[in-house]
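These notes concern the structure reproduced below.
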Amino acid sequence: GSSTVNGVLSTVAGAGSVMRVEGANATGTGALTVLNGFTNNAAIELSNANLNQAAQLTVSNGTLTNALGGTISALAGATGGGRTLTAELDNQGTVTVNQPLTINRTTALHKNSGTFTIPGGDVTINLAVGGPSFTNSGLLDVSSGHVFKMSGGNFSNAATGAIQGSGTLDVSAAAVVSNAGSVSPGGTSPGILTWTGGLTMVGTGVLNIQLDGQILGTQYDQLAMSGLLSAASGGTLNVTKNAAFDPKGLTFTVVTFSQFTPTFQTVNLPIGGNGQCTLQTQATQLVVVCP
């Protein structure tokens, strides 16, 4: 069913304080419309009680601010059905996606300074071409098998932003894609981060690659891009190794791309048993070679 809040809405932190929008067989899609922007200090859940029912929260005007300590969760529920957030989002807390989530507001300036994790569902950000944007200055973590997709607008990872995981970032439809923060395939353990589209590194931007062994994806990282990697404006390639691992005599394909505009302002490479590793720029990949 559908409900509308026309007045002032606030959610208060506290045990069991939850605003749930839930689809069910008896009422169909669960839909809540809030006329004006508000701050969430508690928990917002988009879920369903029956198979394939959808849930949608709409904030018609202003910004939905998810405050520090606040949570927004796209839950699997009884499974099936989409989860939709039609709002301009300023996430300072935690967003967790375990069911496909669409964020609609084509003119929005979305911000994430908190934690945005995608462990169990894909995310689609629908934005118009031009000024609308998604800016990450917090943590964006995309797990293996899942996708964070921009359908338009601009995407930027700010100086304090961190992008990690072994899933897919599809920014091919974004007009401008820049990294001034850190990009770390795998995150806390080695992995392959698939990057659909291009990426421009800027001065403070860092690409972190970890070498723990010679098996791609499970023992060492890779950024697997389909577009242009531009490092003409600077940035750092930081390749480190596990202290117990000796890479001597091995090669590691750490980045793939369709085209590369060199070069990184700084390249940090490990030292193996036979000396300093080097970086080779090939037609469609960057390769670390250890003597």
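The values are calculated or read from the model by the stated rules, or taken from the named source; none is laboratory data. In this text, all values refer to a predicted model and were calculated from it rather than measured experimentally. In this analysis, Cβ positions are derived from the backbone assuming ideal geometry, glycine residues included, and neighbour counts consider all displayed protein chains.
Is one or more of the residues making up the range 33-56 more than 20 Å from the chain's Cα centre (by Cα), among the small types (G, A, S) and within 16 Å of S151 (Cα to Cα)? There is no residue in the range 33-56 that is more than 20 Å from the chain's Cα centre (by Cα), among the small types (G, A, S) and within 16 Å of S151 (Cα to Cα).
A count restricted to the range 181-231 and to residues that are hydroxyl-bearing (S, T, Y), closer than 29 Å to K248 by Cβ and surrounded by fewer than 23 Cβ atoms within 10 Å (Cβ to Cβ) stands at 5.
Identify all residues within the range 232-243 that are among the charged types (D, E, K, R) and surrounded by fewer than 18 Cβ atoms within 10 Å (Cβ to Cβ); write none if there are none.
Taking the range 232-243 and keeping what is among the charged types (D, E, K, R), we get 241.
Correct list: empty.
For the range 219-243, the candidate set comprises residues that are part of a loop (DSSP other than H, G, I, E, B) and of a type in the set (S, T, Y); within that set, the residue that is nearest to the chain's Cα centre (by Cα) is S226.
Pairs linking a residue in the range 254-275 that is under 19 Å from P185 (Cβ atoms) to a residue that is of a type in the set (K, R) and at pLDDT 95 or above, with Cβ atoms under 7 Å and 6 or more positions apart or on different chains, are P270/K241.
From A128, A87, grab the single residue that is among the aliphatic types (A, V, I, L, M), at pLDDT 95 or above and assigned to a loop (DSSP other than H, G, I, E, B). Talk me through it step by step, then tell me what you get.
Working: A87 fails: assigned to a loop (DSSP other than H, G, I, E, B).
Exactly one residue qualifies, and that residue is A128.
The C-beta contact set for the range 192-204 (first residue part of a loop (DSSP other than H, G, I, E, B), second residue of a type in the set (V, I, T), distance under 6 angstrom, 6+ apart or interchain) comprises G197/V171; G198/V177. Among residues of the range 5-26 that are over 14 Å from G69 (Cα atoms) and in a loop (DSSP other than H, G, I, E, B), those with a Cβ under 8 angstrom from a residue that is modelled with pLDDT of 85 or more and among the hydrophobic types (A, V, I, L, M, F, W, C), sequence gap 6+ or separate chain, pair up as N6/L35; G7/L35; V8/F38; L9/V34; L9/F38; S10/F38; N25/A49.
Take the residues in the range 244-260 that are surrounded by fewer than 16 Cβ atoms within 10 Å (Cβ to Cβ) and within 24 Å of the chain's Cα centre (by Cα), then tell me which one is farthest from M201 (Cα to Cα).
S258
Within the range 95-119, residues that are touching a residue at least 24 places away in the same chain (Cβ under 8 Å) and within 17 Å of L169 (Cα to Cα) have Cβ atoms under 7 Å from residues that are crowded, with 23+ Cβ neighbours inside 10 Å and aromatic (F, W, Y) in these pairs: V95/F116; H110/F134; I118/F148, counting only partners at least 6 apart in sequence or on another chain. If only residues of the range 159-187 that are β-branched (V, I, T) and in contact with a strand residue (DSSP E or B) (Cβ under 8 Å, 6 or more places away or on another chain) are counted, the one that is farthest from F116 (Cα to Cα) is V176.
Against the numbered list (1) loosely packed, with under 15 Cβ neighbours inside 10 Å; (2) within 22 Å of I118 (Cα to Cα); (3) among the polar types (S, T, N, Q), N274 comes up short only at (2).
If you check G145, G152, G161, which single one turns out to be surrounded by fewer than 23 Cβ atoms within 10 Å (Cβ to Cβ) and without any contact (Cβ under 8 Å) to a residue 24 or more places away in the chain? Going through G145, G152, G161 in turn, the sole match is G145.
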